[in-house]
1. Could you say which residue among Arg38, Arg20, Arg80 is touching a Ser or Thr at 6+ places or on another chain (Cβ under 7 Å), modelled with pLDDT under 85 and open to solvent by 60 Å² or more (accessible area, probe 1.4 Å)?
2. Looking at region 58-77 only, could you name the residues that are surrounded by 15 or more Cβ atoms within 10 Å (Cβ to Cβ) and part of a helix (DSSP H, G or I)?
3. Quick one: how many residues across region 129-152 are out of contact with any Gly (no Cβ under 6 Å at 6 or more places or on another chain) and open to solvent by 30 Å² or more (accessible area, probe 1.4 Å)?
4. Only one of Val102, Val93, Val89 is within 13 Å of the chain's Cα centre (by Cα), surrounded by 13 or more Cβ atoms within 10 Å (Cβ to Cβ) and part of a strand (DSSP E or B). Can you tell me which?
5. Could you count how many residues in region 105-128 are open to solvent by 30 Å² or more (accessible area, probe 1.4 Å), in contact with a Leu (Cβ under 8 Å, 6 or more places away or on another chain) and part of a loop (DSSP other than H, G, I, E, B)?
6. Considering only region 169-182, I want to know if a residue exists there that is within 22 Å of Arg65 (Cα to Cα), open to solvent by 20 Å² or more (accessible area, probe 1.4 Å) and assigned to a loop (DSSP other than H, G, I, E, B).
7. Of all residues in region 153-162, how many are open to solvent by 50 Å² or more (accessible area, probe 1.4 Å) and either small (Gly, Ala, Ser) or within 17 Å of Ala118 (Cα to Cα) (or both)?
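The values are calculated or read from the model by the stated rules, or taken from the named source; none is laboratory data. Here the structure is a predicted model, which means the values were calculated and not measured. Here the Cβ positions follow ideal geometry from the backbone for every residue, glycine too, while neighbour counts run over all protein chains shown. Please note that ligands, DNA and RNA were not included when accessible areas were found on the heavy atoms of the full protein model with its side chains. Shrake-Rupley method; radii C 1.70, N 1.55, O 1.52, S 1.80 Å.
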Amino acid sequence: MAIINTLLGRRAGVLELVFRLLPLRDMKNVVLVCHLWREVGEAPSFWAWVRMTVTGENMSTMPERLDSRRMRAVREVRMRWREEVSEEVMEAVARHPGLRLVEMCGANLSSVDAGLLARVVDKLEEVSFLDTELTVKQVEAVMAAIRAEGCLVKKLNISFNNLSTVEPRLLARLVNRLEEVR
C-alpha cells in the first residue's frame, strides 16, 4: 500500500506541474476527467484567482460553493441584489478561511444576527456594507468587532446606512482605527 501511495503521490506531483501550464478556463474540464485529476485539480492554489459574486439567482448554492475545497483560496466575495441575505450564506462567509474582502451592495442585511455579522467582519481586511439596511445593533456589533484586538479590517464602507443613532465617540474611535472609511 505504501508503494501505491508513493506512486500516486508522484503522479499527482507531475499532474500538478502540467495543470499549472493550462489556461485557467481548462481547469474546469480537467477536474471532470477522473478521481485523481479531480483531487489534484481541486487544490485551492489553482482557484485563488476566482472572484465570487453572489446574486439572487445563485444565493441558494453559495454556502456549498464557499465550503468546497476548491474555493478555500478565494479571497473576495461580492454580493449584489435587493433581497434579504440568508443566514446560511453569512455562516458560509464567516467559516471561509481565506476571505479578505466582502462587498455587499444593496443586499438587505437587517435580519442577519449582529453577532454573525461581527464574526464575518472580524477576519476581513476590507468590508463594504453599501446600502445594506444595517440595524443599530448590527452597526454597533460591526464597530465593536473592528475595534477588537487582532481585527484585520483596514477599509470599511458603510455608506447609505443610517448611522444617526450611533454615538459620535464610538464612530470617531472607529474612524481613527481604519485606513479608509466611507
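1. Checking each option against the conditions leaves just Arg80.
2. Across region 58-77, the qualifying residues are Met59, Met62, Pro63, Arg65, Leu66, Arg70, Met71, Arg72, Ala73.
3. 12
4. Residue meeting the stated conditions: Val102.
5. Residues in region 105-128 being open to solvent by 30 Å² or more (accessible area, probe 1.4 Å), in contact with a Leu (Cβ under 8 Å, 6 or more places away or on another chain) and part of a loop (DSSP other than H, G, I, E, B): 3 in total.
6. No, every residue in region 169-182 fails to be within 22 Å of Arg65 (Cα to Cα), open to solvent by 20 Å² or more (accessible area, probe 1.4 Å) and assigned to a loop (DSSP other than H, G, I, E, B).
7. Going through region 153-162 one residue at a time, the tally reaches 2.
Here is a yes/no grid of residues against (1) touching a strand residue (DSSP E or B) at 6+ places or on another chain (Cβ under 6 Å); (2) basic (Lys, Arg); (3) under 15 Å from Met90 (Cβ atoms):
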{"site": "Leu116", "(1), (2), (3)": "no, no, yes"}
{"site": "Lys123", "(1), (2), (3)": "no, yes, yes"}
{"site": "Phe129", "(1), (2), (3)": "yes, no, yes"}
{"site": "Glu149", "(1), (2), (3)": "no, no, no"}
{"site": "Asn157", "(1), (2), (3)": "yes, no, no"}
